Amino acid sequence: MQQYQWQILQLGGLPLRPDGSYEEQTLYCCTSTLVWPADSAPSPHNTLLTDPCLIGPDYRTSIKTLEAIGHQIPHIGQYFVTHPHFDHVPAYATPEHSLVGKPFFPTDNSLRLVHCPGHEAMLRAITFHDTEDRHVWIVGDAVLNEVWLRAWGYYWPNGYSPSEVAETWRSVANICAEADIIIPGHGEAIIVTQELLETLIQGFPQASYAAACPEVAEVLAVRLSKFK
């Protein structure tokens, strides 16, 4: 199976926290990740940028990160949007970088798309194996970041219905059941560990509408058993 390298170009932030507090120093922006085949150098023919909304203050850092691996924003071959919310669709900090590649369409099973509804009905994760044979899931806002994940928090300002919240938990369980690394919509990569799974299982009964989706805890428990 084809393996891939990946590099976060923009580390997303989310000022709102699950407890309702607001960190004014944190910029609201998404996490954007470059993916390319492990056996090739990045080129216009093989690079994929996920959630290409590069508008944060670290935009210049993103450019330097690309230059360090011998690549440039105008030469990115394809892009993939996990879901059509304004903070994940293509946008760039400077006009000269407004055109980046073509929309991604999978051609084999090495880059797989997985439907993860809840936060948004059509949200899709993109999954692959990296050079350490870890199963990497880039999931957009199916998981906001590790703080929100551990709190069983959903983005309540969006006004979700009980069924949508329950669907979010099902998607979280499916992601955690398979992923070794989760790249969330607004934060750093999350390593799926025994401790993380134990925390999620312990906290799930207190999650909103947990009673509507008891299978979530069962799915997490199956994954946890593989660590023991």
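Restrict the check to region 177-186 and report whether at least one residue is assigned to a loop (DSSP other than H, G, I, E, B), within 19 Å of the chain's Cα centre (by Cα), surrounded by 21 or more Cβ atoms within 10 Å (Cβ to Cβ) and small (Gly, Ala, Ser).
yes
How do the pairs read when you match residues in region 116-133 that are over 12 Å from GLU178 (Cβ atoms) with residues anywhere that are among the basic types (Lys, Arg) and not in a strand (DSSP E or B), using Cβ under 9 Å and keeping only pairs 6 or more apart or on different chains?
PRO117/ARG170; GLY118/ARG170
Any idea which of ASP108, ASP141 is closer than 28 Å to ASP19 by Cα and touching a residue at least 12 places away in the same chain (Cβ under 8 Å)?
Going through ASP108, ASP141 in turn, the sole match is ASP141.
What pairs come out if I take residues in region 182-193 that are modelled with pLDDT of 95 or more and pair them with residues that are part of a loop (DSSP other than H, G, I, E, B) and of a type in the set (D, E, K, R) whose C-beta lies under 8 Å away, six or more apart or interchain?
Listed pairs, sorted by first residue: PRO184/ASP141; GLY185/ASP51; GLY185/ASP141; HIS186/ASP141; ILE191/ASP180; VAL192/ASP180.
Are any residues in region 61-96 among the charged types (D, E, K, R) and farther than 22 Å from LEU14 by Cβ, and if so, which ones?
Residues of region 61-96 that are among the charged types (D, E, K, R), as a first pass: 64, 67, 87, 96.
Matches in region 61-96: LYS64, GLU67, GLU96.
What pairs can you find where one residue is in region 216-227 and free of Cβ contacts under 8 Å to residues at least 60 places away in the same chain, the other is basic (Lys, Arg), and their Cβ atoms are less than 7 Å apart, with a gap of 6+ or different chains?
Here the result reads VAL216/ARG170, each pair linking region 216-227 to a residue that is basic (Lys, Arg).
Take the residues of region 202-223 that are among the aliphatic types (A, V, I, L, M) and buried (at least 17 other Cβ atoms within 10 Å of the Cβ): which is farthest from TRP148 (Cα to Cα)?
Once the filter is applied, the top-ranked residue is VAL219.
The values are calculated or read from the model by the stated rules, or taken from the named source; none is laboratory data. The structure presented is a predicted model; accordingly, all values stated were derived computationally and were not measured. Note that each Cβ is placed from the backbone with ideal geometry, even for glycine, and that neighbours are counted across all protein chains shown.
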